[in-house]
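Below is one structure, written out as structure tokens; the observations come after it.
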Amino acid sequence: MITRRAALAGAAGLAAVPVVLAAARAGAEEEVKDTSMAPPADLSGLTRIRRKLVAPPGVHEHEQVAPDAPRIVEFEMTIREKEVQVAKDAWLQAMTYDGSIPGPMMVVHQDDYVELTLRNHPENLMQHNIDFHAATGALGGGSLTLVNPGEQVVLRFRATRAGTFVYHCAPGGPMIPWHVVSGMHGCIMVLPRGGLSDHEGRPVTYDRLFYIGETEFYIPRDETGAFRRYADPAEAYPDTLAVMNGLVPTHVVFNGAVGSLTGDRALTARQGERVLIVHSQANRDTRPHLIGGHGDLVWEHGKFANPPQRDFETWFIRGGSAGAALYTFLQPGIYAYVNHNLIEAVNLGATAHIKVEGTWNNDLMEQVVPPTAFEVAGAGKTALP
Ligand SMILES: [Cu+2]
């Protein structure tokens, strides 16, 4: 008997074949599925540290300047498939790293070793893996980490390049985009060992760090226009694929749902604090903008070996990348942080709020005359010339 789980695993496997074979022919090499052909790396001299991941927009405890020599930094993540409410009237058969969309952000320093234990929860239906854009070889670790429900795998890679990098699920063929737009993406920040530097190479630190992961969803509708709700991902797949292939998202959201970072869930900061906002989008281009603020220092590509650019009004995050922007809040109030395709921000969901406490500065902005009725010369509409 073919169970739904086996069918899905098979679909993923079959779907992967053409891509993998094409890649193998091009390079006259097989896809690397294990690494036992080479001697193990000797890392006996390195110390280990275990970091407990936290859900975005938070980020686990970390140092900005590396305290000593490169270390092995251990992380654990469990993949969970579950239904998530993504708007008042819309539900998604989501696939998640550790239960959140996006998955948790990891922070290490350049030349540290990232050692991830990745578990596929036994109640899941599908195979999953992880492709780290920060890693070298084996499809970013994707071909070494494909796990069935109930399996776990341990992957270690050296973080050789400093910057913010996307990670995402990539189990092969059409499973890849589906898993990504179902929520399986996140970010790792590889800090330079000495911490961040400004445009002149001077050290710069942040007081707060927010991780915002943007996702676009493609949720099918029924004949009446209402969003359809499904029993599991397998049931949702055919309809979802049809919407995905139209390339018109039904929702564009920060951190997994419309309103996940607004109102009571707004981010908070204090006047004068330097806030680093890391923004990832694993599938589609976006353009973050802080309304009433700026990007003082912006690593638009998110790669810290390049000097940051200054004073941006809006920055561009390429689909499949993560960027970072540092801003010192100068005025109190509520700031909207949006995807400045304003249709996506306002109508489809891509808005966050940052509540800043402090004292208003009239030198930066003052309402010289409040709204007041003014005298209109003559009556009726003025004829245009
Ligand atoms: Cu997956």
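Values in this text are rule-based calculations from the coordinates and carry no lab data. Since this is a predicted model, take the numbers as computed values, not measurements. Neighbour counts run over all protein chains shown; Cβ positions are idealised from the backbone, glycine included.
Beta-bridge orientation, the chain: approximately 70 percent antiparallel, per DSSP, counting only bridges with both partners inside.
With the cut-off at 1.5 for a/c, could you classify the chain from its C-alpha gyration tensor as rounded, prolate or oblate? Numbers along the way, then the final one.
On the way: a/c = 2.31, a/b = 1.33, b/c = 1.73.
It is oblate, given that a/c is not under 1.5 and a/b is not larger than b/c.
Given springs between every Cα pair under 10 Å in a Gaussian network model of the chain, which of Met175, Met77, Met365 has the largest fluctuation? Per the Cα network of the chain with a 10 Å cutoff, Met365 tops the list. A straight line joining the Cα centroids of the range 40-86 and the range 279-305 runs 23 Å.
How far is helix 233-245 tilted off the main Cα axis of the chain, in degrees rounded to 10, range 0 to 90? Between helix and principal axis, roughly 60 degrees.
Can you work out the FRET efficiency for the pair Asp68 and Asp89, with r the C-beta to C-beta distance and R0 = 41 Å, to the nearest 0.05?
Working: r = 52 Å, r/R0 = 1.27.
FRET efficiency, Asp68 to Asp89: 0.20.
Kindly state, to the nearest 0.05, the FRET efficiency for Gln152 paired with Glu30, given R0 = 30 Å and r defined as their beta-carbon distance. E(calc), rounded to 0.05, equals 0.80. Between the amide H of Gly183 and those of Met95, distances stay under 5 Å, these residues lying 5 or more places away or on another chain, with hydrogens modeled in the peptide plane.
Please label the shape of the range 213-357 as rounded, prolate or oblate, based on the square roots a ≥ b ≥ c of the eigenvalues of the alpha-carbon gyration tensor (a/c under 1.5 means rounded; beyond that, a/b larger than b/c means prolate, else oblate). In terms of gyration-tensor shape, prolate. Against the chain, whose longest principal axis comes from its Cα atoms, helix 4-27 is set at around 90 degrees. Put simply, when 219-230, 79-90, 126-137 are sorted by average Cβ atoms within 10 angstrom per residue, most first, you get 126-137, 79-90, 219-230. Entry note, the chain: relative contact order of 15 percent, from Cα contacts under 8 Å with a spacing of 6+ residues.
Once you reduce the range 200-277 and the range 158-194 to the center of their Cα atoms, the two points are 16 Å from each other.
Which of Lys88/Lys355; Lys52/Lys88; Lys82/Lys355 have a Cα-Cα distance over 29 Å? The partial results should precede the final answer.
On the way: Lys88/Lys355 23 Å; Lys52/Lys88 31 Å; Lys82/Lys355 31 Å.
Beyond 29 Å between Cα atoms: Lys52/Lys88; Lys82/Lys355.
Residues whose amide H falls under 5 Å from that of Asn283, counting only those 5 or more places apart or on a different chain, are Gly320, with hydrogens built in the peptide plane. Here the Karplus curve 6.51 cos²θ - 1.76 cosθ + 1.60, taken at θ = phi - 60°, turns the phi angles of the range 34-45 into couplings of 8, 10, 6, 6, 10, x, x, 5, 9, 10, 5, x Hz, with x standing for Gly and Pro. Here the sum of -39500 (n - 2.57) over DSSP H runs of 4 or more residues, divided by the residues of the chain, equals -3500 deg cm²/dmol at 222 nm, to the nearest 500.
Comparing mean-square fluctuations of Ala352, Ala373, Ala38 from a GNM of the chain with C-alpha springs under 10 Å, the top value falls on Ala373. Counting only residues at least eight positions apart within a chain, or on another chain, the aspartates and glutamates with an alpha carbon under 14 Å from that of Lys303 are Asp198. In percent, rounded to a whole number, the relative contact order of the range 213-357 is 28, using alpha-carbon pairs under 8 Å and six or more apart. Considering only Pro174, Pro56, Pro192, the mean-square fluctuation computed in a Gaussian network model of the chain, springs between alpha carbons under 10 angstrom, is largest for Pro174.
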